[in-house]
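The values are calculated or read from the model by the stated rules, or taken from the named source; none is laboratory data. Since we're looking at a predicted model, the values are computed, not measured. Cβ placement follows ideal geometry from the backbone for every residue including glycine, while neighbour counts extend to all protein chains displayed.
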Amino acid sequence: KSNAGTGNLAKHLQKKHTDDIVLDGFETDNGIFVFSQEKFRKALIKWIVICDQPFTEPQQQSFVELVQSLNPNAELISDKTVRADIIATYEEMLGELKASLCKIPGKISISLDGWTSRNILPFLAIRRHWFDVDWNYHSILFDFSYIHVEDLLALLKVPHPEADDDADDRDLETEQSDSDNFSENELYDHEHAMYVALPPAHVESENESVAFTRTMSPKRRYVLRRAAKKVQLKNKINRRAAPKTCDTKTSKKCAKNVRRSQTSGINDNKSVNPTKNSAPTSPKRVKFRAAKNVRVNSENIKKNRWISGDFEKTTKFPNRAKDYDKYSSLSPTELFELFFTEYIWEHIQAETTKYALSVNCTDPKIDVSELKCFFGILIVSGYNVLPGKKFLWDCGSDMRNEFVSDSMRRERFITIMRFMHWADNSQMSLVDKVWKVRPVVDMLQTKFLENFVPTEHLNYDESMIKYYGRHSMKQLIRGKPIRFGYKVWCMNAENGYLISFEIYQGAGPKPNEAYNMLYGKCTAPLVKMLDNLPEKDLPYQIFTDNLFTSVNLMTSIRKRGYGVTGTVRKNRLPNDLTLPTKTEMDKKNRGSFESAICRDDGYMVVRWKDNAVVTMASTTYGVHPLSTALRYSKTEKK
């Protein structure tokens with residue numbers, strides 16, 4: 001070996017350093033590291049906790065072989081040691097958390113949660129969260145109440161008069177910017193953009209209802225104030241009933257009073273002095289009691305909710321037969337011109353000419369008479385179907401239409417078709433998918449309502465406009481006479497008159513955001529159409545199918561003074577309904593029926609056996625009078 005090699009260095013080290021110092025370690029490709037059993041145990045405990053491994057995992061043979069292959073000096077621990085180490089780690093982390101929390105004054109957090117049940121019933125829950133002097137977590141339910149649909153809509157739209165006026169000028173940007181700059185004496189609720197500050201001396205005080213809130217909407221502030229007043233009154237009553245002194249003999253009684261006060265949200269150290277034996281109630285027990293109270297209250301509300309009986313219709317609709325006299329003498333053309341007025345023709349003429357000039361074409365010089373002739377040809381081509389519209393001018397006698405060819409030249413028809421426009425392209429809407437026909441649609445809606453003769457029975461359902469082309473609004477509904485096309489929500493009178501309509505644009509656009517949240521996307525157009533009726537004080541009766549009927553819809557429309565009747569799905573009805581199930585009704589004879597009336601909301605549910613089990617709900621009509629219907633009988637074979 002050369003003098004400059006590593007061999008001479010090894011010989012030099014052996015001569016100068018005769019004593020060998022051996023350390024526990026393991027060799028890798030990158031070097032030698034010192035092994036520590038303590039660090040190995042901490043890493044093992046961390047792996048068991050984070051990866052959710054069982055306590056007995058270190059005793060498994062495969063795991064032992066894996067650890068020994070990595071380092072033979074590692075000593076594995078038993079499952080009891082693992083359990084003890086995890087508890088010790090938890091206590092250590094808890095101590096660090098308490099040390100950090102001790103630097104912060106006592107605080108209380110109030111959370112406002114709104115949720116919807118399976119039956120689409122809105123509820124509001126206000127809950128208080130805090131830590132006591134022993135760092136035990138507590139959570140008490142302030143208020144848990146049902147919010148009627150109309151009240152919820154009012155909360156969303158109208159600020160309460162008790163709210164501060166200065167908070168109305170703050171917008172969402174102010175709430176988001178203030179969330180990053182709150183002081184140490186305030187607690188920020190990220191879910192509802194809310195600050196709550198309390199005196200740092202103790203967790204709770206008599207003036208907690210005066211705790212200031214800022215950057216909070218008026219409706220939330222009003223709900224919190226109302227709940228705080230209720231709790232403050234309850235606390236005063238309980239504090240008067242609590243004992244003022246406590247000796248050794250009555251220590252058990254005092255401990256019991258402390259547990260009661262903690263369960264009801266009271267932590268008054270002045271009135272009760274618990275001893276060492278009076279341990280505070282655990283968080284699990286507090287949560288269980290709060291949930292139990294909610295269950296008991298809901299059961300009391302539902303008790304005797306469903307009753308037996310029948311409805312008797314008392315309202316009478318005025319006779320409006322004379323209002324049809326002004327339409328009886330009109331011809332079909334005059335009836336058509338009631339809706340397509342001269343203003344609509346002039347609007348279409350102006351927009352068509354504007355589009356032709358915008359694409360650098362000469363002025364087509366279209367007049368209103370030509371537009372009327374053009375639309376007449378479109379109507380004829382709708383029921384006289386040919387391979388194409390140009391075949392109406394064909395030379396063949398089997399295709400040529402003399403009425404069309406004599407009224408307009410083919411090239412003129414193609415020119416008008418090319419430039420036909422109903423809206424200004426420079427005012428394109430990114431929200432409304434039907435913006436190209438929206439001006440004419442709105443004009444027609446106005447005329448439909450103006451010429452509507454009120455009738456008692458109204459129907460709300462979906463309709464289809466046949467279309468096989470490509471468009472994002474095209475729908476496919478299986479089992480319908482028209483499967484492909486545009487879906488339209490329609491409100492019709494009993495004589496077939498179209499009162500109002502709304503074109504369904506898919507899941508993207510949300511024109512009725514408030515109504516969509518309360519009633520759903522299918523039923524929201526109905527409520528909007530009822531708002532636009534010309535005579536709202538008449539007792540209309542609305543009929544729907546099971547796609548639209550729900551408890552929310554019936555209670556809301558009933559408040560307006562209208563009635564609702566329709567088939568209803570099982571999942572739209574309350575769970576406490578006392579009627580037999582579909583399986584039980586299937587076993588009964590055809591014609592059997594059961595009914596029940598909801599006393600709170602004022603609607604009847606009827607379930608009867610026909611060819612299949614049918615469930616209907618109504619706020620106006622009852623079971624009687626009964627009638628008969630002809631059905632095929634398998635037993636009699638007729």
Query raised in the report: Between residues in the range 611-638 that are more than 23 Å from Asp601 (Cα to Cα) and residues that are surrounded by 10 or more Cβ atoms within 10 Å (Cβ to Cβ), which pairs lie under 6 Å by C-beta distance while being six or more apart or on different chains?
Result: Val613/Lys582; Val613/Met585
Query raised in the report: Which one of these does Trp422 not meet: (1) more than 24 Å from Phe340 (Cβ to Cβ); (2) of a type in the set (A, V, I, L, M, F, W, C); (3) part of a loop (DSSP other than H, G, I, E, B)?
Result: (1)
Query raised in the report: Looking at Phe55, is it closer than 17 Å to Ala88 by Cβ and modelled with pLDDT under 80?
Result: yes
Query raised in the report: Quick one: how many residues across the range 419-452 are touching a strand residue (DSSP E or B) at 6+ places or on another chain (Cβ under 8 Å) and under 30 Å from Val564 (Cα atoms)?
Result: 5
Query raised in the report: Asp432 versus (1) under 30 Å from Gly496 (Cβ atoms); (2) touching a Leu at 6+ places or on another chain (Cβ under 7 Å); (3) at pLDDT below 95: which is the lone unmet condition?
Result: (2)
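State all residues of the range 525-566 that are of a type in the set (Ser, Thr, Tyr) and within 23 Å of Lys316 (Cα to Cα); if no residue qualifies, say none.
So in the range 525-566, the residues of a type in the set (Ser, Thr, Tyr) come out as 540, 544, 549-550, 555-556, 562, 565.
Residues satisfying the conditions are Tyr540, Thr544, Thr555, Ser556, Tyr562, Thr565.
Taking the condition modelled with pLDDT of 95 or more and part of a helix (DSSP H, G or I), does Ile301 pass? Don't jump to the end; show me each part of the working.
Details: modelled with pLDDT of 95 or more: no; part of a helix (DSSP H, G or I): yes.
Criteria not met by Ile301.
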Report summary line: Gly602 fails exactly one of (1) at pLDDT 85 or above; (2) farther than 15 Å from Asp310 by Cβ, namely (2)
Requested in this report: Evaluate the range 110-125: report whether one residue or more is aliphatic (A, V, I, L, M) and at pLDDT below 70.
Outcome: yes
Query raised in the report: Within the range 358-376, how many residues are touching a residue at least 40 places away in the same chain (Cβ under 8 Å) and within 13 Å of Thr415 (Cα to Cα)?
Result: 6
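Working carefully through the options Phe63, Phe55, find the one that is in contact (Cβ under 8 Å) with a residue 24 or more places away in the chain and farther than 24 Å from Tyr137 by Cβ.
Phe55
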Query raised in the report: Has the range 357-375 got any residue that is assigned to a helix (DSSP H, G or I) and either assigned by TED's automatic domain parsing to the domain that holds Val623 or among the β-branched types (Val, Ile, Thr) (or both)?
Result: yes
Report summary line: Cβ pairs under 6 Å, 6+ apart or interchain, first in the range 316-330 and within 15 Å of Glu456 (Cα to Cα), second charged (D, E, K, R), ordered by first then second residue, are Phe317/Glu456
